[in-house]
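The structure that follows is given in the form of structure tokens.
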Amino acid sequence: MVRSVLLLFLFVAVSFRLVFGDASITSDLLWPHPSQSTFGTDVYEVDSGNFAFTTDGAGGASILLKSAIDRYYVTIFQTAAPFFPSGGATQPKGPLTGLKVTVNNADESLNLTTDESYTLTVAADGAAITATTVFGAMRGLETFSQLIYHRPDGGLAINEVTGIYDKPRFQYRGILIDTSRHFVNLHTILTHLDAMVYSKFNILHWHIVDDPSFPYESYTFPDLAAKGAFDHEHIYTQEDVKTVINYAYERGIRVIPEFDTPGHTQSWGAGQPDLLTPCYANGQPNGEYGPVNPILNSTWTFLTSLYQEIDNVFPDNYIHLGGDEVSFTCWQGNPDIQAWMKKMGYTDYAKLEEYYENNLIDLVNKLNKSYVVWQEIFDNGLKIKMDTVIDVWKTGWEKEMDAVTKAGYKVILSTCWYLNRISYGEDWKDYYSCDPQNFNGTDDQNSLVVGGHSCLWGELIDSTNFMSRMWPRACAVGERLWSPKTVTDVNDARTRLLNQRCRLLTRGIQAEPVGPSYCNDEWHGP
């Protein structure tokens, strides 16, 4: 990028309170709040014309790191630095002409144990980020970008950072998006991934198909989308899916797909005959269909091939298998199911559900894939691998988290964070105050709480309102899952969230207001 072009953007300014060299207010710039931070009183001019990034360490030559640095150069010198300071200004020292990024490990695998920690310093002799992995370096680059602000004369400055040591509290920090109830276009999904980075989320839970539509283009079973999507324009092609996965990985975000069965599968039936259970009324088929029919060999032939494809397309070692809200009504009325149940000696249709889920889990186990499941799978006593992650979504989550962790399973929480639910006022405070470890568990139990995710279910969400409904409310969840348990001050968080919302606007994210406030650089469109 030509430096002269970048300089055109240096006069972008947004309303923020900031006193040069004031350590207490320097922290107002940061979201999410870092684990540990100390700030000095010096102020350094940032020389945009000569600023250089350098790299070092075993992972210093990473292409991922180079791409991240290129992105943050644009972020810092085009759309970032949105803070217009007022009062108490001191003459900046400097200039600060570079940032050294050291990555000590060349391992670029992204999973539940990836080290995302980093340290950051800013001093007279330069700025430095040190991280174990490239993904930790990415988190440090985000923090560094948030620390740079405008001086009153339009130049850029950064306050002295004696030391930031930062790491996530939880390894699973996700957001669920629902692309079945309404189609969300590719541009919106990619923009959302950028927004996730700004609050240090690391998992996109892609609830890609459900009852209303099947927008995933399967190369093994093309009729699933051809007949199950809303129409041919509301489909994610294989190239689209690859684009999302690669775009996310380049930003340190895992993509975990959810193909929910045996319920939530109405859209599957149009493209796969005999997959769903025919419903009966008065001893005759009534033209409706229920869950997947688990008693047919053809069902398992189909599912084996489909999940082999899912394993090939989605590289993450986890898949979300769903398993929630299974209605037994059609199973109970179907004479073929009744006869099979009698033959098997089953009297409870929960046993039929267990039969289905156990067979599905065996199928996925053979793919060497691990899985996330909704809490019903645990509640119904199914046999699941010990590395299974249980997704708790119902009310009474404290008791459920206690039970799951006592049984030795990893667990994530989503109950508190359904962003599609709208209430008047600043509902982000409710999200912020929900802590997934607040269930009086032992230390061993708490160690099994690996995080959680917010959910934006799509009944009333499409590309027109996706970003504003999601952001900045999801930021509250991001801080809760990243920052230490002791970071709970809602008033402090509100100041920083107002700043974060204005930052999102400058970065092209159409984030709705937190409350009465303003940004000098208001939303002017994409």
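The values are calculated or read from the model by the stated rules, or taken from the named source; none is laboratory data. Since the model is a prediction, treat every value here as computed from it, not as a measurement. In this analysis, Cβ positions are derived from the backbone assuming ideal geometry, glycine residues included, and neighbour counts consider all displayed protein chains. Just the protein is used for accessible areas: all its heavy atoms, side chains included, with ligands, DNA and RNA removed. Shrake-Rupley method; radii C 1.70, N 1.55, O 1.52, S 1.80 Å.
Using DSSP to call loops (not H, G, I, E or B), can you name the chymotrypsin sites (Phe, Trp or Tyr not before Pro) in region 363-437 whose Cβ has at most 16 other Cβ atoms within 10 angstrom? Don't jump to the answer; show the numbers that get you there.
Working: sites: 371, 374, 378, 393, 397, 409, 417, 418, 424, 428, 431, 432; in loops: 393, 409, 417, 424.
Those satisfying the criteria are 424.
Could I ask something else about it? Cut-off 20 Å, label point 7 angstrom out along Cα-to-Cβ of residue 325: give me the residues of region 460-474 whose amide nitrogen falls inside.
460-463, 466, 470
For the chain, what does -39500 (n - 2.57) per DSSP helix run (n ≥ 4), summed and divided by total residues, give at 222 nm, in deg cm²/dmol to the nearest 500?
When only DSSP H runs of four or more count, the value is -9500 deg cm²/dmol.
Another question, if that's okay. What whole number of Å gives the distance from the Cα centroid of region 303-377 to the Cα centroid of region 430-490?
So the separation of the two Cα centres works out to 29 Å.
When a/c reaches 1.5 or more, the comparison of a/b and b/c decides; with that in mind, is region 125-196 rounded, prolate or oblate per its Cα gyration tensor?
Oblate.
Over region 45-203, what is the percentage of antiparallel beta bridges among all DSSP beta bridges, to the nearest 5?
55
Roughly how many Å² is the accessible area per residue of region 294-388, as a whole number, for a 1.4 Å probe?
44
Decide, for the chain, between rounded, prolate and oblate: order the square roots of the alpha carbon gyration tensor eigenvalues as a ≥ b ≥ c, take rounded if a/c falls under 1.5, and otherwise choose prolate if a/b is larger than b/c, else oblate.
Values: a/c = 2.21, a/b = 2.06, b/c = 1.07.
Note, shape of the chain comes out prolate.
How large, in percent, is the carbon and sulfur part of the accessible surface of region 234-274 at a probe radius of 1.4 Å?
Its accessible area is 48 percent carbon and sulfur atoms.
Right, next: Straight distance only, please: which lysines reach the Cα of residue 394 with their own Cα at less than 19 Å, same-chain residues fewer than 8 apart left out?
406, 410
I need the trypsin sites (Lys or Arg not before Pro) found in region 432-492, filtered to DSSP loop residues with at most 16 other beta carbons within 10 Å of theirs.
When the trypsin sites (Lys or Arg not before Pro) of region 432-492 are filtered for loop state and at most 16 Cβ neighbours within 10 Å, 485 remain.
Let me ask something else about it. Where both partners of a DSSP beta bridge lie in the chain, what percent of those bridges are antiparallel, to the nearest 5? Walk me through the intermediate numbers first.
Numbers: 24 of 70 bridges.
Once the DSSP bridges in the chain are tallied, antiparallel ones form about 35 percent.
How much length would be gained if the chain were fully extended between residue 332 and residue 105, taking 0.36 nm per residue of separation minus their Cα-Cα distance, in nm to one decimal?
76.1 nm
Next up: In region 348-372, which residues have a backbone nitrogen under 16 Å from the label point lying 7 Å from residue 300's Cα in the Cα-to-Cβ direction?
Counting only backbone N, you get 352-367.
Roughly what would the spin-label model give for residue 250 and residue 379, points 7 Å off Cα along C-beta, in nm?
Between residue 250 and residue 379, the simple spin-label model gives 4.2 nm.
Working from Cα positions, state the angle (0 to 90°, nearest 10) between the long axis of helix 186-198 and the longest principal axis of the chain.
50
If you don't mind, another one. Classify region 308-387 as rounded, prolate or oblate, taking a ≥ b ≥ c as the square roots of the eigenvalues of its Cα gyration tensor: rounded when a/c is under 1.5, otherwise prolate if a/b is larger than b/c and oblate if not.
prolate
Shifting gears a bit: Taking a spot 7 Å from the Cα of residue 239 along the direction of its beta carbon, which residues of region 432-474 have an amide N less than 12 Å from it?
none
To continue, here is another question. Along Cα→Cβ, 7 Å out, is where each label goes; now give me the distance between the ones at residue 459 and residue 522 in nm to one decimal.
Distance between label points: 3.3 nm.
If you line up the long axis of helix 134-147 against the longest principal axis of the chain, both from Cα atoms, how many degrees apart are they, to the nearest 10?
50
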